[in-house]
1. How far apart, in nanometres, would the label points at N191 and E174 be if each is projected 7 angstrom from Cα along the Cα-to-Cβ direction?
2. Would you check the range 281-409 for Lys pairs whose C-alpha atoms are within less than 20 Å, ignoring same-chain pairs closer than 8 in sequence, and give me the count?
3. Listed highest first by mean packing, meaning other Cβ atoms within 10 Å per residue, what order do 132-140, 193-201 come in?
4. Using the membrane-span-like helix rule (whole DSSP H runs, Cα extent along the own axis of at least 30 Å, mean Kyte-Doolittle hydropathy at least -0.5), which helices of the chain qualify?
5. Highest first, please rank the peptides 296-309, 313-326 by the mean number of other Cβ atoms sitting within 10 Å of their residues.
6. In whole percent, and with a 1.4 Å probe on the protein chains, what portion of the accessible area of the range 42-129 is carbon and sulfur?
7. Run the numbers for S231 and T48: contour at 0.36 nm per residue of separation, minus the present Cα-Cα distance, in nm.
8. Which shape class applies to the range 114-160: rounded if a/c is under 1.5, otherwise prolate when a/b exceeds b/c and oblate if not, where a ≥ b ≥ c are the square roots of the Cα gyration tensor eigenvalues?
Amino acid sequence: MKLLLCALFIMSSSSIMAGAFKAGISTVAITPIAHKDVVDTLHGGPKTVGNISAPLYAKTLILSDGHSRIAMINLDLMYIPPAVFSELLKDLREKNTFDQLFLSITHSHSGYVGNNNYNPLKEKIFSAIKTANANLQPVKIGAAEGTLDEAYNRIIRHQNSSAEMLWTNPGRKENRDIDQTVGVINLKKSNGETLVNLINYNAHPVVTMDLNNVVISADYPGQMANSLKQSGEGETLFFLGAAGDVNPYDAETKPLTLALEKSKELGKKLADEVVKNIKAIKNYRAKGQFSFNNLSYSLPVIRKSDLKAVPAEINTLLLTEDISLASFSGEFFNQFGVMLKQKSPTKHTFFLGYTNGSIGYSPTKESVQFGGYGADSNDMWFEVDTGEQMVQKAIESLKAIHQARRIDH
């Protein structure tokens, strides 16, 4: 199958001088109103929000190199329908002058699934963008990578080419290896204090998930952000990686009181690993030029559906010669993240899932041979090799803009 390419926008800075990096951050609450708002549970249907376990936020980071502007918007939501995602992206691009936009959900299964009205959310995002733009200040950018053994592959493969789901794993039963990298991009202010961290980890935020009841929580990403802020490490944007087949060991903990405690423990462990790696960063860059490539696709739907095609995007960005990001519009299986990092031309590469679209699961061709949740061939929306093609396009894009930068210098 060939991906249907709708549009291609490339930024190459061959005639642009390096400029000073600036960044502005803004955070607004998007927590639904207790005892008023109605949200969709995963299995229990629409229900009125009860008690709020932890607040949800929309965080907006604006980056500038003096010539180009990058917007990174991070939402503590579980899911945004494809049509709504497209509408949000369209409005954001039409009413703002970004050169590149990353609109990501943390995919917390205790963030709200939906309340059939995204206009209030859109207004809050626009307000946050305005504030972030007004707060631009000089920064320097560095990156590091640590590891944290707090996640596992939730699909067990059997020799007869069948699969079994291991939804929760508090006993830490061994399964196939996964990428447990903790990616850290640290932005420091002129006084040496952290303005914001971009954190990348591969594990479904499902510690506090309840399939039948409303639990409003940002799960472990929110707890990590709280812990980092309390330790003086600024704001945090969490970007879930290639986590389509990966859960934290304490997924679906019950009762809720214990689940909240476990999510806080995992958030603290991640925060500790982040702090350790921030201290290890030696090479910061205070000026440079961003290079980026934005590709838009229309993915043909192969199963019976009212939808004929679903929009998707691949967005690649070089922040510095050593730091790159590639974003994808769905839940990509873990091996795709490994593939991207192994073939990327940069030292630090971040796989951003759940960004700029909702295409659901993208399993590897190998995993479809075994099946399991997200990899059952009978449930596939797109051709089996869609994930491989999209990751390969991202690798080619990263190599192209990295090579262009080397030629420029």
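1. Label at N191, label at E174, 5.0 nm between them.
2. Here the count comes out as 11.
3. Details: 132-140: 16.7, 193-201: 22.9.
Top of the packing list down: 193-201, 132-140.
4. Working: long enough: 256-280 (36 Å, -0.22); 386-408 (33 Å, -0.61).
TM-like helix candidates: 256-280.
5. Values: 296-309: 13.6, 313-326: 24.1.
The most tightly packed comes first, giving 313-326, 296-309.
6. Working: 1610 of 3250 Å².
Percent of accessible area from carbon and sulfur atoms in the range 42-129: 50.
7. Values: separation 183, 0.36 × 183 = 65.88 nm, distance 3.51 nm.
Fully extending the segment from S231 to T48 adds 62.4 nm.
8. Numbers: a/c = 5.60, a/b = 1.50, b/c = 3.74.
It is oblate, given that a/c is not under 1.5 and a/b is not larger than b/c.
The values are calculated or read from the model by the stated rules, or taken from the named source; none is laboratory data. Since this is a predicted model, take the numbers as computed values, not measurements. Because the Cβ atoms are built from the backbone with ideal geometry, glycine has one as well, and the counts that use them run over all protein chains shown. Note: accessible area is taken over every heavy atom of the protein model, side chains too, but ligands, DNA and RNA are not part of it. Shrake-Rupley method; radii C 1.70, N 1.55, O 1.52, S 1.80 Å.
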